[in-house]
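As structure tokens, the structure follows; a few thoughts come after it.
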């Protein structure tokens, strides 16, 4: 069994036919899904989907792109949203300086708020970082000094140096279909070196469809293609990679129950 550790089931391209999307994934051996939120207005829908489907779990958080849209969000509101039994993670949150859709100080404020709630609840943090390695690492190090918390760098595309630093901090790393792209040689080289006990797989669907589905709407079933590519890249048996990435998911997201 595989787990899609990061998908957006409420987004256009998936939400219109969720049942079929999930059925196709299960036919590919995907047994569980983490449905990710990116803004407060999505929380009810994301959690509602998880409440209706026993193999779907939910996160609550604010994507850095949406930081400017949440100037009044309080820590208490985020904390309260984690109380639902189907919420197993916090995020996605983090820093994105590539697009700069939101003020960088607003991104940092919300990132630290999410970390604080993660530390209090014990729920792992789901981190998005793009072109912001220095600030992301500085915040993680500073916040870890105030008290540890579990965290995952999702859809990892950063430098190997950054990857080594976050591994030293105890974080896990999730790889998406980007690792299958022909121009992802540096990422592929780093993926070969990742410790088995820190690696997860995801789709980030409906985005970033892996080879051989480039150009299509990505969906959770395609995590099987990414996993197969990684197994060959790492010279591992596909069943072994499926086993340990699934074990890693349930160890990190310990509030989730195996089906």
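Couple of notes before you dig in:
- Subset of segment 80-124 (residues that are touching a residue at least 12 places away in the same chain (Cβ under 8 Å) and at positive phi): 91, 94, 122
- Test: residue 115 is in contact with a strand residue (DSSP E or B) (Cβ under 8 Å, 6 or more places away or on another chain), in a loop (DSSP other than H, G, I, E, B) and at pLDDT 95 or above: no
- All conditions in (1) in contact with a helix residue (DSSP H, G or I) (Cβ under 8 Å, 6 or more places away or on another chain); (2) surrounded by fewer than 18 Cβ atoms within 10 Å (Cβ to Cβ); (3) farther than 26 Å from residue 12 by Cα hold for residue 124, with the sole exception of (2).
- Residues in segment 127-138 that are surrounded by fewer than 19 Cβ atoms within 10 Å (Cβ to Cβ) and in a helix (DSSP H, G or I): 133, 134, 135, 137, 138.
- From 21, 30, 60, 46, residue being closer than 15 Å to residue 218 by Cα and in contact with a strand residue (DSSP E or B) (Cβ under 6 Å, 6 or more places away or on another chain): 30
- Within segment 112-121, if we keep just the residues that are in contact with a helix residue (DSSP H, G or I) (Cβ under 6 Å, 6 or more places away or on another chain) and within 23 Å of residue 44 (Cβ to Cβ), the residue that is surrounded by the most Cβ atoms within 10 Å (Cβ to Cβ) turns out to be 117.
- So residue 186, is it at pLDDT 95 or above and at positive phi: no
- Any hit, segment 90-99, residues being over 28 Å from residue 32 (Cα atoms) and out of contact with any strand residue (DSSP E or B) (no Cβ under 6 Å at 6 or more places or on another chain): yes
The values are calculated or read from the model by the stated rules, or taken from the named source; none is laboratory data. A quick note: this is a predicted structure, and the numbers were derived from the prediction, not measured. Glycine gets a Cβ as well: all are built from the backbone with ideal geometry, and neighbour counts include every protein chain shown.
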